[in-house]
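Please read through the structure below; I'll follow up with questions.
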Ligand SMILES: [Zn+2]
């Protein structure tokens, strides 16, 4: 299992500079490699929460659209 790949799919961005390049991921303190801002893991997740929520919303609305399309196609084929 490729954990690195999995981590990449949930991209956390630095709230100060927007970089996703973090170093010193230890003792729950994460340091941005770009602006050197230090954040706790919880802080980083909180700061990214809005982004994550928007991504989830976008993905789920796309799935909903697809489901509606499929349903409509099926419904039309019954006519
Ligand atoms: Zn930064």
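The values are calculated or read from the model by the stated rules, or taken from the named source; none is laboratory data. All values reported here derive from a predicted model rather than from experimental measurement. Here Cβ is always computed from backbone atoms with ideal geometry, including for glycine, and neighbour counts include all displayed protein chains.
From the residues in segment 10-54 that are within 12 Å of the ligand (Cβ to nearest atom) and in a helix (DSSP H, G or I), which one is surrounded by the most Cβ atoms within 10 Å (Cβ to Cβ)?
So, considering only residues that are within 12 Å of the ligand (Cβ to nearest atom) and in a helix (DSSP H, G or I), the one surrounded by the most Cβ atoms within 10 Å (Cβ to Cβ) is 44.
At pLDDT 80 or above and under 28 Å from residue 12 (Cβ atoms), is that true of residue 41?
Yes: the conditions hold for residue 41.
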